[in-house]
1. Send over the semi-axes of the range 201-266's equivalent ellipsoid, whole angstrom and largest first, taken as the square roots of 5 times the C-alpha gyration tensor eigenvalues.
2. Please list log₁₀ I(q)/I(0) at q = 0.12, 0.14 Å⁻¹ for the chain, using the Debye equation with identical point scatterers on the alpha-carbon positions.
3. Which order do the peptides 212-221, 243-252, 1-10 come out in when sorted by mean C-beta neighbours inside 10 angstrom, highest first?
4. Give the share of C-alpha pairs in each 10 angstrom bin for the range 6-90, from 0 to the last occupied bin, in whole percents, shortest bins first.
5. When the Karplus curve 6.51 cos²θ - 1.76 cosθ + 1.60 is applied with θ = phi - 60°, which whole-Hz ³J(HN,Hα) does each residue of the range 308-323 get, with x for Gly and Pro?
6. Ranked highest first by average number of other Cβ atoms within 10 Å, how do 316-322, 88-94, 52-58, 188-194 line up?
7. By how many degrees, between 0 and 90 and to the nearest 10, does the Cα long axis of helix 243-253 differ from the longest principal axis of the chain?
8. With no solvent and one point on each alpha carbon, what is the Debye value of log10 I(q)/I(0) for the range 211-325 at q = 0.10 Å⁻¹?
Amino acid sequence: MKKTVPFTKLFIQRVIKKYQTPFHIYDEKAIRDNAQKLLGIFSWNEGFKEYFAVKALPNPYILKLLKEEGFGVDCSSLPELILAERVGFRGEKIMFTSNDTPSEEYQKAKALGAIINLDDISHIQYLEKHAGLPELLCFRYNPGKLRAGNAIIGKPEEAKYGLTRDQLFAAYILAKQKGVRRFGLHTMVASNELNPQYFIDTAVMLFDLVIEISREVGIRFEFINLGGGIGIPYRPEQKVVDIRFISRGIKKAYKEKIVKNGFDPLRLYMENGRMITGPHGYLVSQVLHKKDTYKEYIGLDSCMANLMRPGMYGAYHHITVMGKERAPRSHTYDVTGSLCENNDKFAIDRKLPQIGVGDIFIIHDTGAHGHAMGFNYNGKLRSAELLFNNGAVRQIRRAETIDDYFATLDFSHLPRRGI
Ligand SMILES: *Cc1c(COP(=O)(O)O)cnc(C)c1O
């Protein structure tokens, strides 16, 4: 997929004048179009819902616009639940998919009427004790050796998430005995997966389980939740995942398995984060220094604290140098930040045009798991987030200040120094 930037150099120069680099900037219209497209493609399934994974881009402006498009939210912590509540999400528009969950989080999820998705069989009792059992429960299935995983989540049998197959049957039996009346089934076995067939196979796996569990336990499922994990083409040579292909494949299996066996209607849910906002965010940064030692380095005014995926997973993020889009990629550079860690590199041995100090770097695909994964190690401050639409830009999160960084520290035991 060809990597382009949805704004001109002049436009971004004007934005930089008002808001210092670095910042993440998100394309509102592209996010809305993307959201509508997904809902349209799955509209054959009555009640289809996408619960946006809040952790990918936890910003109230983004959640509000996704709410307007008809999305729900997938939360996994107390602050994410509170954020969803503040934006106006309630009840079954909230999916609570957590693990190793503290009691206050279950209490909040229950109070909001969220769909609670349990990660372990022992959490039935834990939930009952601390919040009381809701009438609707969902369980997260971990297929173990029955499915291959991928680099981000790892092999299912080594992943900490979910219940084994045997535990799953036991869990629904126990929940039913305890008076739970409504049921869902969830799985999430891959992340950033680009093979569309993988998601069809996941749906088929869940359809088969729905049939088996329904018959054996004597319950009816209202929905299956396929999780998130649809990948995006970070590299120019990769292709966009064909959602229509996934939808067609799932529809076919739905007819053959669910309808034919009398288990319809069964709603399909998803909880994608990355594919919704990922491609529509950009980290904007400027070149601070050039350095030639054993390699040629470009030092940016951003660092791994603004985008940790390259350092953490060795992930590729495409780079466009504004105004040099058509220049020959004649140089090989490591593109670095200022953190005192040698994995603080946005790119290693990247072919780029000849770079000068002050050049504007656009790092692509930072709309999910970008700003959200930021941290303060080494005294680094998290950047601002901007949203643009129709040429207008608004700041949707300010940059952190040094006062923010010091806010949790106690200086009161030290002698006062006058300034
Ligand atoms: C992270 C996560 C998601 C979203 O994953 P993406 O790769 O952003 O689609 C969805 N569900 C759960 C349970 C997750 O942990």
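1. Over the Cα atoms of the range 201-266, the semi-axes work out to 29, 12, 8 Å.
2. Scattering profile of the chain, log10 relative to I(0): -1.01, -1.26.
3. Answer by packing, highest mean first, reads 243-252, 212-221, 1-10.
4. The distribution over the range 6-90 is 15, 38, 29, 15, 2, given as percents.
5. Those phi angles translate into 9, 4, x, x, 7, 10, x, 6, 7, 10, 5, 10, 10, 9, 4, x Hz.
6. So the order, starting with the most tightly packed, is 52-58, 188-194, 316-322, 88-94.
7. Value to nearest ten degrees: 10.
8. With no solvent term, the Cα-only Debye profile gives -0.54.
Rule-based calculations on the coordinates, nothing more; no lab input. Keep in mind that what you see is a predicted model, and the values were worked out from it rather than measured. FYI the Cβ positions are ideal-geometry reconstructions off the backbone, even for glycines, and counts take in every protein chain you see.
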